[in-house]
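The next block holds one structure in the form of structure tokens; read it before the comments.
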Amino acid sequence: MNSWLMLAAFLLLMVGIAHSYLGERFILQRLFRRGDLPKLFGSDWFTRRTLRFAWHLTTVLWWGIAAVLIPISNGSARVALLGLSVTFGVSGLIALVASRARHLSWLLFLTVAAALWLGAPAG
């Protein structure tokens, strides 16, 4: 086991927790109280949802990288690729649900998730 990769994974897990909690509490909530957000599709609802899911998608990405570093530290490419697949799958679902399918990133993320899953070597 590679201790440096395990340390990196742990730090990414911790920074993800802090990023989502502190960002929601001290940045997003204050930003959303403003009355001058751009109005996309007729209101600022889409703008708010896009900012929120993009913010938290960063956390999901960091957690996914952490999940991949752990099997890599033990020499398992298959588990690492499956971990990336799950990360992109979760990212796609977040984008799909949070934007009600208006932000088309969900399609890309779910396609990448499927490609990674199908491309992982047989174990």
Item to complete: Quickly run through the stretch 99-115 and pick out the residues that are modelled with pLDDT under 90 and not polar (S, T, N, Q).
Response: 102, 103, 104
Worksheet item: For the stretch 51-68, how many residues are touching a helix residue (DSSP H, G or I) at 6+ places or on another chain (Cβ under 8 Å) and open to solvent by 30 Å² or more (accessible area, probe 1.4 Å)?
Response: 10
Discussion item. I'd like the full set of residues that are in contact with a Ser or Thr (Cβ under 6 Å, 6 or more places away or on another chain), aliphatic (A, V, I, L, M) and not in a loop (DSSP other than H, G, I, E, B), limited to the stretch 21-63.
Written reply: 40, 57, 60
Worksheet item: When you go through 95, 80 one by one, which is the residue that is more than 21 Å from residue 15 (Cβ to Cβ), open to solvent by less than 40 Å² (accessible area, probe 1.4 Å), aliphatic (A, V, I, L, M) and out of contact with any Gly (no Cβ under 8 Å at 6 or more places or on another chain)?
Response: 95
Worksheet item: Can you tell me which residue in the stretch 15-50 is most open to solvent (accessible area, probe 1.4 Å), limited to those that are farther than 18 Å from residue 100 by Cβ and among the hydroxyl-bearing types (Ser, Thr, Tyr)?
Response: 21
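The values are calculated or read from the model by the stated rules, or taken from the named source; none is laboratory data. From a predicted model like this one, the values you see are computed outputs, not experimental measurements. Please note: Cβ atoms are built from the backbone with ideal geometry, for glycine as well, and neighbour counts cover all protein chains shown. For the accessible areas, the whole protein counts, side chains as well, though only heavy atoms, and no ligand, DNA or RNA atoms are used. Shrake-Rupley method; radii C 1.70, N 1.55, O 1.52, S 1.80 Å.
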